[in-house]
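Here is the structure we will look at, set down as structure tokens.
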Amino acid sequence: MALTLPGSPYVESSDLVANYPAVSESLAERVDLVGVLPFANSAARTTALPTPTDGQYSYLQDTNATEYYNGTAWVAAGSSPGLSLITSATVSAASSVSIDSCFSALYTVYELVWVGTQSAQSLIRCRLRSGGTDNTTTNYRYSGFYVYIASTGYSLMTRANNDPFGIVGNANVDPNLIEISVANPFQTAKTVIMSDSSSADPDINRTIVGTAFNGTTSFDGFTILPASGTITGTLWVYGRKASL
């Protein structure tokens with residue numbers, strides 16, 4: 001058996017037939033290492049590659065993403081955009097949507113985007129999660145303002161301290177867009193959330209809210225839930241890179 005300059009094995013004319021199985025196995029292992037391996041999702045990849053090698057590539061079929069292992073984590077390959085898609089979730093007529101294991105030490109700031117509809121106009125609340133469980137302690141604080149098409153034009157939202165949830169929007173029935181920035185959720189520091197939401201029916205409105213968790217708990221997920229009714233739509237979670 002011989003090796004190419006990059007290290008791929010091949011059979012030489014002097015090799016015995018008995019050498020072929022070992023060389024074939026070595027070649028297959030080399031392809032696994034330097035090729036782009038397809039997986040259904042990140043969970044399937046973790047099962048197949050519990051200890052990936054620095055520089056190894058993979059392709060995730062659920063998000064159509066090509067990633068490589070940088071020695072610490074799987075990161076997006078290619079042009080290295082400022083935002084990296086972590087995961088998404090789609091719900092229909094749900095009372096809430098929860099996403100776990102999306103916050104980690106890899107990013108400090110996360111961007112969440114919700115596009116959907118509601119069964120009734122209401123405030124959109126949020127809770128942070130650890131290990132698959134919502135944090136319902138009264139450590140959330142929030143304040144903001146609400147602009148809408150009406151004779152009064154705008155109103156201040158109630159400034160609240162020590163609530164069991166935060167606020168990320170105030171949406172009408174259909175459609176609505178909410179963009180949420182989350183800082184320090186995984187770090188042992190106070191988590192700060194800034195959100196901007198807009199709805200188009202029955203009246204165009206816009207809500208800007210600031211929320212903070214008054215504690216240094218490390219969180220790995222979150223829940224979005226309306227104060228009343230149900231929600232239908234898709235929620236995307238992105239990690240904001242510190243540099244390109």
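The values are calculated or read from the model by the stated rules, or taken from the named source; none is laboratory data. Since this is a predicted model, take the numbers as computed values, not measurements. FYI the Cβ positions are ideal-geometry reconstructions off the backbone, even for glycines, and counts take in every protein chain you see.
Among the residues of region 174-190, write down those that are within 18 Å of Leu235 (Cβ to Cβ) and more than 19 Å from the chain's Cα centre (by Cα). Scanning region 174-190 gives Asp174, Pro175, Asn176.
Of the residues screened, Leu83 is one that is within 27 Å of Tyr142 (Cβ to Cβ) and modelled with pLDDT under 90. The residue list Thr47, Thr51, Thr66 contains one member that is at pLDDT 80 or above and part of a loop (DSSP other than H, G, I, E, B), which is Thr51.
Listed here are the residues, each with its yes/no results for (1) at pLDDT 90 or above; (2) closer than 26 Å to Thr217 by Cα; (3) not small (Gly, Ala, Ser).
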site: Ser101; (1), (2), (3): yes, yes, no
site: Ser104; (1), (2), (3): yes, yes, no
site: Tyr110; (1), (2), (3): yes, yes, yes
site: Ser122; (1), (2), (3): no, no, no
site: Cys126; (1), (2), (3): yes, yes, yes
site: Pro164; (1), (2), (3): yes, yes, yes
site: Val168; (1), (2), (3): yes, yes, yes
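The set of residues from region 164-189 being small (Gly, Ala, Ser) and either in contact (Cβ under 8 Å) with a residue 60 or more places away in the chain or surrounded by 16 or more Cβ atoms within 10 Å (Cβ to Cβ) (or both) comprises Gly166, Gly169, Ala171, Ser181, Ala183. Exactly one of (1) touching a residue at least 60 places away in the same chain (Cβ under 8 Å); (2) closer than 17 Å to Ala105 by Cα; (3) surrounded by fewer than 19 Cβ atoms within 10 Å (Cβ to Cβ) is unmet by Asn214. Its number? Unmet for Asn214, out of (1) touching a residue at least 60 places away in the same chain (Cβ under 8 Å); (2) closer than 17 Å to Ala105 by Cα; (3) surrounded by fewer than 19 Cβ atoms within 10 Å (Cβ to Cβ): (2).
Put simply, of Thr90, Thr137, Thr152, Thr72 the only residue that is surrounded by fewer than 19 Cβ atoms within 10 Å (Cβ to Cβ), in a loop (DSSP other than H, G, I, E, B), at pLDDT 90 or above and of a type outside the set (Gly, Ala, Ser) is Thr137. Cβ-Cβ contacts under 7 Å between residues 6 or more apart (or on different chains), taken from a first residue in region 125-150 that is within 22 Å of Ala189 (Cα to Cα) and in the same structural domain as Gly229 (by TED's automatic domain parsing) to a second residue that is basic (Lys, Arg) and crowded, with 19+ Cβ neighbours inside 10 Å, are listed as Asp134/Arg127; Asn135/Arg127; Asn135/Arg129; Thr136/Arg127. Within region 199-223, the set of residues being in contact with a Ser or Thr (Cβ under 8 Å, 6 or more places away or on another chain) and over 19 Å from Tyr140 (Cα atoms) comprises Ile204, Asn205, Arg206.
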